[in-house]
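The values are calculated or read from the model by the stated rules, or taken from the named source; none is laboratory data. Since the structure is predicted, the reported quantities are computational estimates derived from the model, not experimental observations. Glycine also receives a Cβ, built like all others from the backbone with ideal geometry; neighbour counts cover every protein chain displayed. Areas reflect the complete protein model, heavy atoms only, side chains present, ligands, DNA and RNA absent. Shrake-Rupley method; radii C 1.70, N 1.55, O 1.52, S 1.80 Å.
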Amino acid sequence: MSRNIVRKQIHLAAHFPGVNNTTVWADPASKSQIDFESFVHLARTAERGKFDFFFLAEGLRLREHRGRIHDLDVVGRPDTLTVLEALAGATTHLGLAGTINTTFNEPYELAKQFATLDHLSDGRAAWNLVTSSDAFTGENFRRGGFLDHSQRYVRAAEVVDVVRELWDGWSERGPVIDREAGIFAADTDIAPFDIHTTQFDLAGRFEVPRSPQGHPVFLQAGDSDEGREFGAAKADAIFSRHGTLEEGRAFYTDVKSRLAKYGRSHDDLKILPAAAFVLGDSAEDAEERARHIRLQQVGPQTAIAFLEQVWGRDLSNYDPDGPLPDVDPEDNVTITRGRVRHAKDPRAVAEAWRAKAEAENLSIRELIIEVTARQQFVGTAEQVATEIDHYVQTDASDGFILVPHLTPGGLDEFVDTVVPLLQERGSFRTEYDGTTLRSHLGLRHPHETNEGVRAS
Amino acid sequence: MSDNSELLLAVEFTGTGIHPSSWRRDDSRAEELFTARYWADLVGAADRAGVDFAFFPDTFGVTSDASTVRGRLEAVGLAARLTAATTRIGLVPTATVTHTEPFHVAKAIQTVDHTTLGRAGWEVAVTPGAGPVALFGRKDEQDTASLWAEAAEAAEVAARLWDSWEDDAEIRDVATGRFIDRDKVHYIDFVGEYFSVKGSSIVPRSPQGQPLVAVTVTGDESFEFAAKRADLVRIRATDAEAAADLTTRIRAAAGDRPVLVLLDVDLLLAATDADAAADLAQLEAWAGAPYVSDTIVHVGTAAGAVELLGDIRGVNGVTLRPLALPSTLPRLVENVLPVIRPVVAPATGTLRDRLGLPRPANRFASAH
């Protein structure tokens, strides 16, 4: 591959294995989901691989299934911002991204927390902004109730606008410390704000000077038309679910085409789908490992639990290795709470699943393995590197947020074997060019114009 | 000087020091206040010298006085950031309860306890005033009684959340496919006047079980909070007698509950008493006002500080509040600490272990 041709550069992120069945906790190599050492291991591995950022998800109430805490997947995780702060002291270049909910937090405090993280990481903070509308989670917060579903993006957009105004409160030059005159920071360098929106009424002065990135990087994950529009208007990167080549290209084209009307250019928003990967010594070996991992991810009890989500009823008497139930689903949308997955029309889903199981002669567990499959790269390091590069070079994405199935060593092999191949192809950095996450992602400083220079 | 090696030593890290003009000193590092390097240098030095706790004050809002330090970083995040820069010291950030979510504060402190392997504390504070109310815009201004009643609820929520997972809740039972024993993860079902929290915490129980709760006694309401809920009680008194008297009253009010009382001591160290006096005079000249404190003040040499600390009785320890940072810190760690704390305990075990405080039993564990 010629190094003279400037190839489109791949962006990679490492997702800490989360509280869903993607994470295989039963493997002997699986370590603590809580010990800080696990977070340090994954973050340092990602940094060794010159990844753009580390990613931490969030959930503010333990999930329930059939009225009790769901116990089949990983349960429990530490506080997002706190872990990112601690990781800032254990890494030097890696971006630090976390999901934080806008419904159950107030913008003034969030602005202070993210500005703090951006200062204390020397410009590596990113916020994956989610807005939930469920009363279930609301039971842990002052707000109590919930947000009307239709208000989700209203609140999200207002939060972004409010925190940006707060972050811009101090003048670009920061506190002009004048020992002689005895002025630490003049009033004229800290603009007051007076904000009135449908969700918020705030007034005062913000208490943190401009942080290294100006604004921490915004990530967003939303697939509805409204979500795409929000991403195009506000986000720096979209954490998408469209992993296949065709879907990826369609999503990419659609979202990028929405940028112009907000005065934004093609490179101002990165599209980063989530993707799993399984490596092997040969294609067959990788396939075999992938099959084994899928069996671990969908154990007998997990298969039944997935089925119960659609059927809305207790199916614990069914044999996971046997055929699908012939009883019909009930309308019970609250059988699983605290996660987003609900079948829109349980009867139709059940009908389709029965037909598929019958046609392909699948047991309950085999069917769940099939229908819950997510995008993943399976093959030798060479095959996976080629495929990832192909996705990016053909505009199905700008890179990937990789989701290992093992904590904390699930990224080791990728960094050791796939990253060097991507680097050889000239598609991925061999060293960090800058120190901030904006620099890694090729994003402008928030106050630079279209013609301006890039963030350093 | 008498032997007082059991005296606990804390340092309060406030910006460039607690004197409002301290930033004007040539050696103040005021330009670095918002960098990790500054805090890691200072707190790391205190850690290596064997200081037991670092307090990090916090509140909401920015002062209207342009002649003082304006702006600050969020303290719980700062404490977490210092995880890797320290090995032994207890990290005790202030998190105000007035405008925050008790669920978030509890899990953040609990997480600092995880990242530091059991070195976290929480200084509970309230944030009075109309200014902070306007920054959030969702509550009315509260009086002192209401602020502390809310603080009591927040501390109760945190204590319950910290116990909401039993220590052995994670079972990873491959045969049944269960990651946890859900009978050992509990809802807290707190219903209060200010908020209700269902629980459980999203964070498993932390190394100390219950991170240490600290509070500064400034009045009747915070006294009551200290007596009922605090592990570390910070007090202010202008002489030893008043400190001993207040400590006795706190201990009596706390009853059987062990509390460690720390007396604030404002500190400015220099090579000679004359130099220290000159330094203070300069700070006062800049401020245009004499330095007045509601607690004991030592302006002088390291040897004088050693003598002062050696004579302190009746309290469990002191919280040293440097008037100017970093200038007082090198003398503190090089000339004071090695004398009164000649042997630095190894960085093993949790903060509770080193203080001889038991790891609290889980309030939910007896439920089955």
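Computed values, structure above
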{"quantity": "Relative contact order, percent, segment A:174-232 [alpha-carbon distance under 8 Å, six or more residues apart]", "calculated": "20"}
{"quantity": "Selection from B:Ala155, B:Val76, B:Thr176 lying farthest towards where the dipole of chain B points positive, charges on Cβ", "calculated": "B:Thr176"}
{"quantity": "Relative packing of peptides A:99-111, A:61-73 - highest average C-beta neighbours within 10 Å first", "calculated": "A:99-111, A:61-73"}
{"quantity": "Value of D in µm² per second that Stokes-Einstein yields for the protein assembly as shown, Kirkwood Rh from Cα pairs, at 10 °C (1.306 mPa s)", "calculated": "56"}
{"quantity": "Accessible area that becomes buried as A packs against B, both chains, 1.4 Å probe, Å², nearest 100", "calculated": "6300"}
{"quantity": "Per-residue mean of C-beta atoms belonging to partner chains within 10 Å, peptide A:63-70", "calculated": "2"}
{"quantity": "Hydrodynamic radius by Kirkwood, which averages 1/r over all alpha carbon pairs of segment B:105-177, in angstrom", "calculated": "15.1"}
{"quantity": "Relative contact order, percent, chain A [alpha-carbon distance under 8 Å, six or more residues apart]", "calculated": "23"}
{"quantity": "Reduction of at least 30 Å² in accessible surface, 1.4 Å probe, comparing all protein chains with the chain by itself, residues of segment B:19-35", "calculated": "B:Trp23, B:Arg24, B:Glu31, B:Phe34"}
{"quantity": "Share of carbon and sulfur in the accessible heavy-atom surface of segment B:89-222 [1.4 Å probe, %]", "calculated": "50"}
{"quantity": "Helix B:36-49 axis, angle to chain B major axis (alpha carbon atoms, nearest 10°)", "calculated": "90"}
{"quantity": "Relative contact order computed over segment A:1-131 (Cα-Cα under 8 Å; 6+ residues apart), in percent", "calculated": "25"}
{"quantity": "Taking all pairs of distinct alpha-carbon atoms in segment B:150-269, Kirkwood radius in angstrom", "calculated": "16.7"}
{"quantity": "Number of partner chain Cβ atoms within 10 Å, mean per residue of B:200-213", "calculated": "3"}
{"quantity": "Dipole of the protein assembly as shown, positive direction: furthest Cα of A:Trp25, B:Thr295, A:Thr198, with charges on the beta-carbon", "calculated": "A:Trp25"}
{"quantity": "Calculated diffusion of chain B, Stokes-Einstein form, Kirkwood radius summed over Cα pairs, 20 °C and 1.002 mPa s, µm²/s", "calculated": "100"}
{"quantity": "Accessible area (Å², 1.4 Å probe, nearest 10) - B:Leu308", "calculated": "50"}
{"quantity": "Sorted peptide list for A:76-89, A:345-358, A:196-209, criterion being average Cβ within 10 angstrom, highest first", "calculated": "A:76-89, A:196-209, A:345-358"}
{"quantity": "Point-charge dipole on Cβ atoms (K/R +1, D/E -1) for chain A, about Cα centre, debye to 20", "calculated": "480"}
{"quantity": "Stretch gain in nm, segment B:Asp275-B:Asp181, where the contour uses 0.36 nm per residue and the Cα spacing is subtracted", "calculated": "27.5 nm"}
{"quantity": "DSSP-defined beta bridges in segment B:185-284 - what % are antiparallel, rounded to 5", "calculated": "30"}
{"quantity": "Over 28 Å (Cα to Cα) - which of A:Lys256/A:Lys356; B:Lys139/B:Lys198; A:Lys8/A:Lys31; A:Lys270/A:Lys344 fall in this group", "calculated": "A:Lys256/A:Lys356; A:Lys8/A:Lys31; A:Lys270/A:Lys344"}
{"quantity": "As computed over chain A, the Cα convex hull volume per residue (Å³)", "calculated": "162"}
{"quantity": "Shielding score for B:81-87, defined as the mean number of other chain Cβ atoms within 10 Å", "calculated": "5"}
{"quantity": "Peptide ranges B:271-281, B:84-94 listed from the most packed, as the mean C-beta count within 10 angstrom indicates", "calculated": "B:84-94, B:271-281"}
{"quantity": "Angle in degrees between helix B:220-229 and the longest Cα principal axis of chain B, rounded to the nearest 10", "calculated": "50"}
{"quantity": "Folded to 0 to 90 degrees: helix B:302-311 orientation relative to chain B principal axis, Cα", "calculated": "50"}
{"quantity": "Mean residue ellipticity (222 nm) of the protein assembly as shown, computed from DSSP H runs ≥ 4 via -39,500 (n - 2.57), nearest 500", "calculated": "-10000 deg cm²/dmol"}
{"quantity": "Euclidean distance of C-alpha centroids, segment B:286-332 and segment A:47-116, integer Å", "calculated": "40"}
{"quantity": "Alpha carbon convex hull of segment B:75-119, projected area averaged over orientations, nm²", "calculated": "2.8"}
{"quantity": "Members of segment A:135-154 that become less accessible by 40 Å² or more once partner protein chains are added (1.4 angstrom probe, chain alone as reference)", "calculated": "A:Glu139, A:Asn140, A:Phe141, A:Arg142"}
{"quantity": "Accessible-area ranking of A:Tyr153, A:Tyr252, largest first, probe 1.4 Å", "calculated": "A:Tyr153, A:Tyr252"}
{"quantity": "Chain A, accessible area per residue, ligands and nucleic acids excluded (1.4 Å, Å²)", "calculated": "39"}
{"quantity": "Cross-link partners of A:Lys234 among aspartates and glutamates (Cα-Cα below 15 Å; sequence separation of 8 or more within a chain)", "calculated": "A:Glu158, A:Asp161, A:Glu165, A:Asp223, A:Asp225, A:Glu226, A:Asp267, A:Asp268"}
{"quantity": "For segment B:233-271 and segment A:282-328, distance of Cα centres in Å", "calculated": "62"}
{"quantity": "Cα-based convex hull, segment A:338-429, per residue volume (Å³, whole number)", "calculated": "174"}
{"quantity": "Theoretical FRET efficiency, 1/(1+(r/R0)^6), r = Cβ-Cβ of B:Asp245 and A:Asn332, R0 41 Å, to 0.05", "calculated": "0.05"}
{"quantity": "Top positive-direction residue, dipole computed over the protein assembly as shown with Cβ charges, set A:Leu84, B:Val318, B:Thr218", "calculated": "A:Leu84"}
{"quantity": "Area projected by the alpha carbon convex hull of segment A:74-164, averaged over all directions, nm²", "calculated": "6.6"}
{"quantity": "Per principal axis, descending, Cα span of segment A:116-232 in whole Å", "calculated": "56, 27, 26"}
{"quantity": "Simple Cβ-charge dipole of the protein assembly as shown, Lys/Arg +1 and Asp/Glu -1, about Cα centre, in debye nearest 20", "calculated": "580"}
{"quantity": "Overall Cα dimensions of segment B:241-297, principal axis frame, Å, largest first", "calculated": "47, 25, 17"}
{"quantity": "Global size of segment A:377-420 as Cα Rg and Dmax, reported in angstrom", "calculated": "10.9, 32"}
{"quantity": "Equivalent ellipsoid, segment A:240-357 (semi-axes from 5 times Cα gyration tensor eigenvalues, Å)", "calculated": "35, 23, 12"}
{"quantity": "Accessible surface ranking that places the most exposed of A:Asp281, A:Asp161 first, with a 1.4 angstrom probe", "calculated": "A:Asp281, A:Asp161"}
{"quantity": "B:Arg172, B:Arg234, B:Arg249, reordered so the largest accessible area comes first (probe 1.4 Å)", "calculated": "B:Arg249, B:Arg172, B:Arg234"}
{"quantity": "Student exercise, segment B:1-77 dipole from Lys, Arg, Asp, Glu Cβ charges, in Debye to nearest 20", "calculated": "320"}
{"quantity": "Cut-off 12 Å between beta-carbons: net charge of the residues surrounding B:Ala154, Lys and Arg +1, Asp and Glu -1", "calculated": "-2"}
